Every structure is written in structure tokens, then in C-alpha cells.
Amino acid sequence: MTQLAGFLDVLLRGFGTVGLAAAVGGLVYLRLVLRPPAGAGGLVAAARGRALTLVAAGALLAAGAELLLLLLVHPWALAEDSGRWPLREFLATEFGLAGLGRVALSLALAAAARWVRRAPDRALGWAVALGLGFLLMANAAWLAHAVSRLHDRGPLMVGTVLHQLGAVVWVGGLLHLVGFVLLWRRAGGPAAEPLGVRVLARFSAVAIAGLILVLAPGLYLSISYVGGWGGLIGTGYGVMVLTKVALLGCALVLGGLNFLILRRADAGAGAIAARVPAFIEVEVGLGLTLLLAAASLTSLPPSVDVVADRATPAEVAARFRPAMPRLSSPPVGQLLAAAAPIDDTLAKRQPEEYAWSEYNHHAAGFFVFAMGLLALLDQSGRARWARHWPLGFLGLAAFLFVRNDPRAWPLGPAGFWESMVLPDVLQHRLVVLLVVALAVFEWMVRSARLTRPGGRLVFPLLCASGGALLLTHSHAMFNLKTEFLTEVSHAPMGLLGVVMAWGRWLEVRLPAADGRVPGWIWAACMTAIGLILLVYRET
Amino acid sequence: MPLAFRRAAAPALLLMACLTLAAPRAASPHAIVLESSPIHDAVLPRAPQQVTLRFNSRIEKRFTRVTLALADRAPVAVAVPAGDAEADRLTIPLQPLGPGVYVLRYRVLAVDGHITEGALRFTVGAAR
């Protein structure tokens, strides 16, 4: 129960931050990027109305996510032996009170945004909305990890709020920019409405300021929570910080490309209209992934606190050292005889369990690596038959279905329906269904059976969510070091999954000539994921 | 929103929801034990009168739940006094214990709202 509650906690905190980005980031976007003058009409008035709606929606999302945490997830996870939920006592804690504060401020901001939308030229409405946005950010200090620290609590709380403010301004601004670009295109794009180019240029300046605000306090927080190189490489927290840096790097490359396109003297209206929206969409995707990764980071123990359970660089490197994949697996009977009961959290895993799991990863790696190679061949245009590579997912799904749960049908003693009530088995079967869905959708796209434009976006959206989940997914509960070393390859695979997803997105959304490079990048990422799986080891 | 987005959104969101359901095991110990007495897997000649846990975070003590189990017997709830002055420490008094392998399981709420479970195993008497 605690584990499920922990996962929901990460997700809801992530959604809450996304809501905060749309709300508070939207206010900054409205005042510094869109800058609607009094009595504005046309595109500016439409963009202002849309942005205020998004501000209100973001505030409601932040309030809703917090309410679910306060009224449902935490009281449920803290239920007493009698089954009673200690709701009143929980709401009286420091966290409960701060959470109620966020709910009240968010609801007030949603109402203020509605008020400003009705009377956009009244300064009082804007002042109230901005004041509420400021209070919401200040309130975030009492909901962050820093509040529970024993030392340097105050500076860490301030650093966290500034770091979050930078992220909220940047990602929230991007979200609003997507909405603006859609309106701008409808109004005729850069050729008919030059205001859009000015808005994009202003956003570049605000985004740079936001990123400075992300990086400077982020550096202070990293030094305080990670402590040194050993903590960066040898703990889950450190690896997640590295992942965030890598994601930020990818987003900066795209932001830089946008910056150059907008400022190049020879960039015509066509170049801007064709490329900039796709880059912004991908920046939004990367930004949202970053916010989810940040929420996941708060659930991990800071590296400075993980001393005895810290892995050495040599131990981490050993997990990535190439070795021959396992070509055989222990028989299922031998595995079941050796394995400890599922609920024995203190039991040591047996060699048969490691061997079973490594074989599963290696075989899955074979499927993914083969599909990656075929996708690369397909990109080359030299083998038309290679476009059927998504069918490899069907083989992967069949393998996972048989091997994922050795205690259940068809290998184990538990029957198919009987085992469906086990949470692990149910989860694994849902994953199998999703892999089948990936195969069907992408194969139909590749073989021209699915020609709707939206159909081409299913694959990247699924890969992006899968990659993000891999980044936010950790099994470590009792054996920090062992589990960290088992899952250390999840971070690069999750990162590659995210790059793969958004590479494919760019390939679909950019003009054909511009989409070639992202096309090669995503296929290479899939091949690399296959390679990591092929060398995966748990011992 | 362009048509392409709308058409992709329905199946993709549905599948993303399934993915979300499919990964509910993600949880990590946010508040970890920095120090304990007795230490994990300790073999003690005499039964301890109390267990002390020191965490890396401030703890909301009134939500702490502790159980103690001897070998494979059913766990028994242990009362935890909330009066300990230090915000990061839990002192758990124990009834007199006989020889055997004990597993103490705890669930704590950190001040930042993260819930953590953990376990501490110790042996009273000769190691088995």
C-alpha cells in the first residue's frame, strides 16, 4: 500500500507542478511575453483570453492534485490498524496545512484569472492574480523536501522555491507558447501577423532568465544534497540529477535552434512557420518530463545521506561492461524452489532469480536491438521490407507474457484468471497489452493502413510516457544499494526512450527534409536501448 | 487544437493511463535510517529494552506505526511514544523478549509528506 501511495504521490506532485507552471508561468508569460496593451483586439486579445483560461486550468489542476494527496492518498496510506483514516490529524500537520494553503491559493488564482478575463483592462485584477501567484510560489517552500531537513533548512527552502520558479516560468511559458502558436497559425502565421515573431523573440529572453534561475539555485541544491562525485554516480538521487541535466541539455539545444532561426537574417516566414512550432512542442514535452523527474527526485533520499549504501564508480561501471548475453535460463521448477516468498522484503535474492531476470532482459534486448537495426535500415530507404519492424513488438509481447511471472500461467502453478488478482501479474499483463498496442499502431502507420495524421503521434506519445515512467520508477525500498545497482541502467534507458519519442515526434512534425536527422536519432536511440538491455546484469 | 493532436490524444491518453496503472511499484524510501540501535542483523546476547532509529529527516511522530514479529509468527503492534524531543529520532520501548530472530517493521511520515516503510532484523541469543 505504501509503495502504491508513494507512486501516486510522485505523480500527483508532478501534476501539481505542471499545474503551477501553467498558472504562475502563465502570469509571467502574459506580463512579460504577450504584453497585451489596454484595449487590445484581434490576435492579442484572443491569445490573452486563451492564456487566462490556461492559467485558471493550471490553478485548478494544482488544487485538484493537492486535494487528492491530502484527502485520499496520504490518509489512506496512513490508515490505522482499525482501518480508520487519520484525516483530521494529517491535515493538522505542517505538510497538511501547507497543502491546504496551496489549495486555497490555487482556487483563488483560478477565480482571479476568470475575473481578469472578464475585465482585462483593470489593474486591480492583474495585481491580485500576480500577488496570488507570488504567494503560491512562496507556499511551495513548505511542500518541498527542504522543509524536513535538519540543517540549513531556511536557505534550502529559499533555493528550492527559486529553482522551481525558474522551471515554472520556463515550462509554463512554453505551454502557453504552444497555445499562442496555434492561434497565430490560424491568423495567417508569420507572413500575415508579424506580432508572433516578436512574441517568440520576447519569450527567448524570458526563457533564458528562467533557465538562469533554474541553474543557479539548482547548483546550490545539488551541492547541498549530492555532496560530491561519489554521490552523483553511486546513488539513485545523483543519477536522477544527472538525468535532469541531460534532459535540460536536450531542451537547451532545441531552444538554441529556435533562437537561431528567429534571429537569422535570412530566416523567412516559411522557415519559422515550418520549424519553430515543432521545436516548441518538443521543448514542452521535455519540460514536462523534467517536472515529473523533479517530482520523482523528491521521493529519493539525498545522496549526502546515503553513505553505507552508496555504490562505487567501479561497481556502477561493472553493470555496463559488455558481456555475452545469457543464452539459457534456469528451469522454472528450479527457480520456484529457490526463490523466497514475494512478500519477504528482507530475503536475499538467489542466483536462480538473478539468472532468470538477466535472461529475460537479454532476450527483450534482442528484440529491441533487432527492431532498432531494422528501423535504421528503413531510414536508409534501401530495404522497403524493413518498414515492418514494429511487428517485432509482437514477439516481445509474447515473450514477456510467458516469462514475466514464473509463478503464474503458463509456466507457474497459479491459473490465468487466478493470478490476475496479484498486482504484479496484473501490471505485467497490462504492459504486454501496451506493447501489442505499440506494434499494431506503428505497423499500421508504416504499412499505410493508418493514414490519419494523429495516428503517427501515438508511437512517440507512448514512448515518451514509457520513458518518463521509467525515470520515475524505482523499486528500492529496503535494499538501497542492491536495488540501485539493479536499476542503474533504467536511467539511461529512460533518457534514451524520451529522446527516441521526441525524435520521432520531430520527424513527423517537421518538413520531410528537416525530419531526416531526428529520424536517424530516434532509430539509433532504440538500437542503443536494445544494446543496454543486452548487456544488462544484476550480479 | 489541431485535428492531428485530437486524434492521437484519445488512444494515447488511454494507453498512458494504463501505463500509469502498470507501474505502481515506484516508491523509494525518502526518510532513511542513518543510525539504529541495535544495528540491522545484529546478534545480541541479551534482549534490548528499546530500539532507537535516527532518520535523515524530521518525522511526524504521531503517525509512526511499528510492529515486531518473532520468526514467522504474526507481527504485534508496538506503541511509540511521541514525546521524544529530537525530531529525527524514534525511541521504541520493547517488552521483555525471549531468544529468537525478530523483525521490527516501521512506517513513518516525514515532515515533507513522504511516507516510508522499513525493517530492522535482530537476533536475541545465539545466531541461527
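The values are calculated or read from the model by the stated rules, or taken from the named source; none is laboratory data. Note that the structure is predicted; figures quoted are calculated from it, not measured. Heads up, the Cβs are rebuilt from the backbone with ideal geometry, glycines too, and the neighbour counts pull from every protein chain shown.
What residue, among those in segment A:472-495 that are modelled with pLDDT of 75 or more and within 11 Å of another protein chain (Cβ to nearest Cβ), is nearest to the chain's Cα centre (by Cα)? First the steps, then the outcome.
The first filter runs over segment A:472-495 and keeps only residues modelled with pLDDT of 75 or more, leaving A:480-495.
Remaining after also requiring within 11 Å of another protein chain (Cβ to nearest Cβ): A:480, A:483-484, A:487, A:490.
Values: A:Leu480: 23, A:Glu483: 21, A:Phe484: 20, A:Glu487: 17, A:His490: 13 Å.
Looking at the filtered set, the residue picked out is A:His490.
Does at least one position in segment A:108-131 carry a residue that is surrounded by 15 or more Cβ atoms within 10 Å (Cβ to Cβ) and farther than 30 Å from A:Gly196 by Cα?
Yes, segment A:108-131 contains at least one residue that is surrounded by 15 or more Cβ atoms within 10 Å (Cβ to Cβ) and farther than 30 Å from A:Gly196 by Cα.
Assess whether A:Leu12 counts as being assigned to a helix (DSSP H, G or I), at pLDDT 80 or above and either under 21 Å from A:Arg198 (Cα atoms) or within 14 Å of another protein chain (Cβ to nearest Cβ) (or both).
On the way: assigned to a helix (DSSP H, G or I): yes; at pLDDT 80 or above: yes; either under 21 Å from A:Arg198 (Cα atoms) or within 14 Å of another protein chain (Cβ to nearest Cβ) (or both): yes.
The answer is yes for A:Leu12.
Search segment A:490-539 for residues being touching a residue at least 60 places away in the same chain (Cβ under 8 Å) and in a loop (DSSP other than H, G, I, E, B), and hand back the single one that is nearest to A:Pro325 (Cα to Cα).
A:Val535
Residue under question is A:Glu315, and the condition is that it be free of Cβ contacts under 8 Å to residues at least 40 places away in the same chain and either over 22 Å from A:Val535 (Cβ atoms) or touching a helix residue (DSSP H, G or I) at 6+ places or on another chain (Cβ under 9 Å) (or both); does it hold? If you could, list the steps in order and put the result at the bottom.
On the way: free of Cβ contacts under 8 Å to residues at least 40 places away in the same chain: no; either over 22 Å from A:Val535 (Cβ atoms) or touching a helix residue (DSSP H, G or I) at 6+ places or on another chain (Cβ under 9 Å) (or both): yes.
So A:Glu315 fails the test.
Determine if segment B:63-84 includes at least one residue that is part of a helix (DSSP H, G or I), within 8 Å of chain A (Cβ to nearest Cβ) and modelled with pLDDT of 90 or more.
Of the residues in segment B:63-84, the ones part of a helix (DSSP H, G or I) are B:63.
Subsequent filtering for residues that are within 8 Å of chain A (Cβ to nearest Cβ) retains B:63.
If we keep only those that are modelled with pLDDT of 90 or more as well, we get B:63.
Looking through segment B:63-84, at least one residue is part of a helix (DSSP H, G or I), within 8 Å of chain A (Cβ to nearest Cβ) and modelled with pLDDT of 90 or more.
Which residues, taken from segment A:184-194, are assigned to a helix (DSSP H, G or I) and surrounded by fewer than 17 Cβ atoms within 10 Å (Cβ to Cβ)?
Residues of segment A:184-194 that are assigned to a helix (DSSP H, G or I), as a first pass: A:184-186, A:189-192.
A:Arg185, A:Arg186, A:Ala191, A:Ala192 - these are the residues of segment A:184-194 that are assigned to a helix (DSSP H, G or I) and surrounded by fewer than 17 Cβ atoms within 10 Å (Cβ to Cβ).
Would you mind stating whether A:Ala207 is buried (at least 22 other Cβ atoms within 10 Å of the Cβ) and out of contact with any strand residue (DSSP E or B) (no Cβ under 7 Å at 6 or more places or on another chain)?
On the way: buried (at least 22 other Cβ atoms within 10 Å of the Cβ): yes; out of contact with any strand residue (DSSP E or B) (no Cβ under 7 Å at 6 or more places or on another chain): yes.
Criteria met by A:Ala207.
I'm trying to understand the selection: among the residues of segment A:76-123, which are away from chain B (no Cβ under 14 Å), among the aliphatic types (A, V, I, L, M) and outside any helix (DSSP H, G or I)?
Answer for segment A:76-123, where residues must be away from chain B (no Cβ under 14 Å), among the aliphatic types (A, V, I, L, M) and outside any helix (DSSP H, G or I): just A:Ala119.
Is it the case that some residue within segment A:510-521 is modelled with pLDDT under 90 and β-branched (Val, Ile, Thr)?
For segment A:510-521, residues modelled with pLDDT under 90 and β-branched (Val, Ile, Thr): absent.
Taking only pairs six or more apart or across chains, which ones have beta-carbon atoms under 9 Å, a first residue in segment A:32-55 that is at positive phi, and a second residue that is of a type in the set (Gly, Ala, Ser) and assigned to a loop (DSSP other than H, G, I, E, B)?
Cβ pairs passing all conditions: A:Gly42/A:Ala187.
So if I check each of A:Leu91, A:Leu69, A:Leu52, which one is surrounded by fewer than 22 Cβ atoms within 10 Å (Cβ to Cβ) and at pLDDT 95 or above?
A:Leu91
Out of segment A:382-415, which residues are outside any helix (DSSP H, G or I) and farther than 27 Å from A:Arg449 by Cα? Give the derivation first.
Filtering segment A:382-415 down to residues outside any helix (DSSP H, G or I) leaves A:382-383, A:404-415.
Once the filter is applied, which keeps residues that are outside any helix (DSSP H, G or I) and farther than 27 Å from A:Arg449 by Cα, segment A:382-415 yields A:Asn404, A:Asp405, A:Pro406, A:Arg407, A:Ala408, A:Trp409, A:Pro410, A:Leu411, A:Gly412, A:Pro413, A:Ala414, A:Gly415.
Filter segment B:54-103 down to residues that are within 15 Å of the chain's Cα centre (by Cα) and aromatic (Phe, Trp, Tyr) and give me whichever is farthest from B:Arg121 (Cα to Cα).
Among those residues, the one meeting the criterion is B:Phe63.
Quick check on A:Ile261: is it more than 13 Å from chain B (Cβ to nearest Cβ) and without any contact (Cβ under 8 Å) to a residue 40 or more places away in the chain? I'd like the intermediate steps shown before the answer.
Working: more than 13 Å from chain B (Cβ to nearest Cβ): yes; without any contact (Cβ under 8 Å) to a residue 40 or more places away in the chain: yes.
So A:Ile261 passes the test.
Keeping to segment A:112-134, report how many residues are free of Cβ contacts under 8 Å to residues at least 12 places away in the same chain and in contact with a helix residue (DSSP H, G or I) (Cβ under 8 Å, 6 or more places away or on another chain). Before you say what the answer is, go through the steps one by one.
Just the residues of segment A:112-134 that are free of Cβ contacts under 8 Å to residues at least 12 places away in the same chain, to begin with: A:118-119, A:122-124, A:127, A:131, A:134.
Restricting the remaining residues to those that are in contact with a helix residue (DSSP H, G or I) (Cβ under 8 Å, 6 or more places away or on another chain) gives A:119, A:122.
Adding up the residues that qualify gives 2.
Among the listed residues A:Gly236, A:Gly230, A:Gly249, which satisfies the condition of being out of contact with any Leu (no Cβ under 9 Å at 6 or more places or on another chain), farther than 29 Å from A:Val55 by Cα, of a type outside the set (A, V, I, L, M, F, W, C) and at pLDDT 85 or above? Outline the logic, then answer.
On the way: A:Gly236 fails: out of contact with any Leu (no Cβ under 9 Å at 6 or more places or on another chain); A:Gly249 fails: farther than 29 Å from A:Val55 by Cα.
Residue meeting the stated conditions: A:Gly230.
All but one of (1) free of Cβ contacts under 8 Å to residues at least 40 places away in the same chain; (2) closer than 24 Å to A:Val33 by Cβ hold for A:Gly154; state the number of the condition that does not hold.
(2) is the only condition that A:Gly154 fails.
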